[in-house]
1. Divide by every residue of the chain the summed helix terms, -39500 (n - 2.57) for each DSSP H run of at least 4, and state the resulting mean residue ellipticity at 222 nm, rounded to the nearest 500 deg cm²/dmol.
2. Determine, for 315, 259, 147, the number of other Cβ atoms within 10 Å of each Cβ, and report the residues in order from fewest to most.
3. Quick one: divide the alpha-carbon radius of gyration of the range 47-132 by 2.2 N^0.38 Å and tell me what you get.
4. Determine, at each q value in 0.12 (inverse angstroms), the log₁₀ of I(q)/I(0) that the Debye formula gives when each Cα of the range 3-366 is one equal point scatterer.
5. Got a sec? How would 292, 88 order by Cβ neighbour count within 10 Å, fewest to most?
6. Over the range 213-330, calculate the relative contact order: mean separation of alpha carbon pairs under 8 Å at least 6 apart, over the residue count, as a percent.
7. With a point put 7 Å past each Cα toward its Cβ, work out how far residue 287 is from residue 131 in nm, to one decimal.
8. So if I take the alpha carbon set of the range 56-105, get Rg, then get Rh from the Kirkwood formula, what is the Rg over Rh ratio?
């Protein structure tokens, strides 16, 4: 395994007192980029849920729904699952078999984790633009601003996977989470200031400096910013709960229809920002509005329930539902955006008690396509 770029990826950041190195060493200038989620996958990566504190009093209720998620993933791609040990592997296998998962498509890795949120602690796989090879970015991970220690095991998961496959691993040296960034596959990255500019992530960096990390480690050309996240989101505003690319120039974005709901103004503000954006080719975004579910509250806590937290696999789009009258409407809207895939709703009412859903739980490994 090649350990590449242990410091800062842009010499413009030298005023921070951190070492310079040539931009030719950045993933972008070495020819790598992060594909869109709707591009072909080799696999989906998961970390088996085991932390009871993430689902206090309810963790046993999530496994049937989680296993159904794996079942639909395995219809069209490998499913790679990090587990702590062989006992956890057998526990997981029993649940998957009960759900009639094609376990021949499932591969377990003894990679101990602190928690299940593989979107944020898992590997960011890069593809090379002209050569048949992959790499991994191992961003720093601090459990959303140090909220849920310990997170030391989660923080090393990308490197363990890189070591297993003998892939180059890039180390930006700053905190970044997969749920905070969204890609159109054509040079544009969408994110939120509420999360990436939060002082609990990288207080030594300003917005322009963070953009340099995003550009040079994800291999993009343009960063677009909305401001807000949804109420109840303990990640400080991940983009995967609010705005998602469905193709190179179209986004689904959640809107709240009830003007008395505390999400109404936040999401209207994001919508206006999206309407003002222009892509690299100068075109406006095609914006498809997606309703917010009715508020999901458990033990007097509003949970970050959002239909936008769907996951795009090779064959299916797996959407969280919430036993709400709006579920069917949301599924129909999402289906209209994915004519090449089947949209499948899975009840996430139990899973969302962990403050995340199917997109938060998963990370794609792209296929090499040249």
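1. It lands at -7000 deg cm²/dmol.
2. Taking fewest neighbouring Cβ atoms as first place, the list is 259, 147, 315.
3. That works out to 1.18 for the range 47-132.
4. Per q value, in the given order, log10 I(q)/I(0) is -0.85.
5. 88, 292
6. 24
7. Those two pseudo-labels are separated by 4.2 nm.
8. In the range 56-105, Rg relative to Rh is 0.97.
Taken together, the values in this text are just the output of simple stated rules run on the coordinates, not laboratory data. Keep in mind the model is a prediction, meaning the values are calculated, not measured. Every residue, glycine as well, gets a Cβ built from its backbone with ideal geometry; the counts of neighbours run over all protein chains shown.
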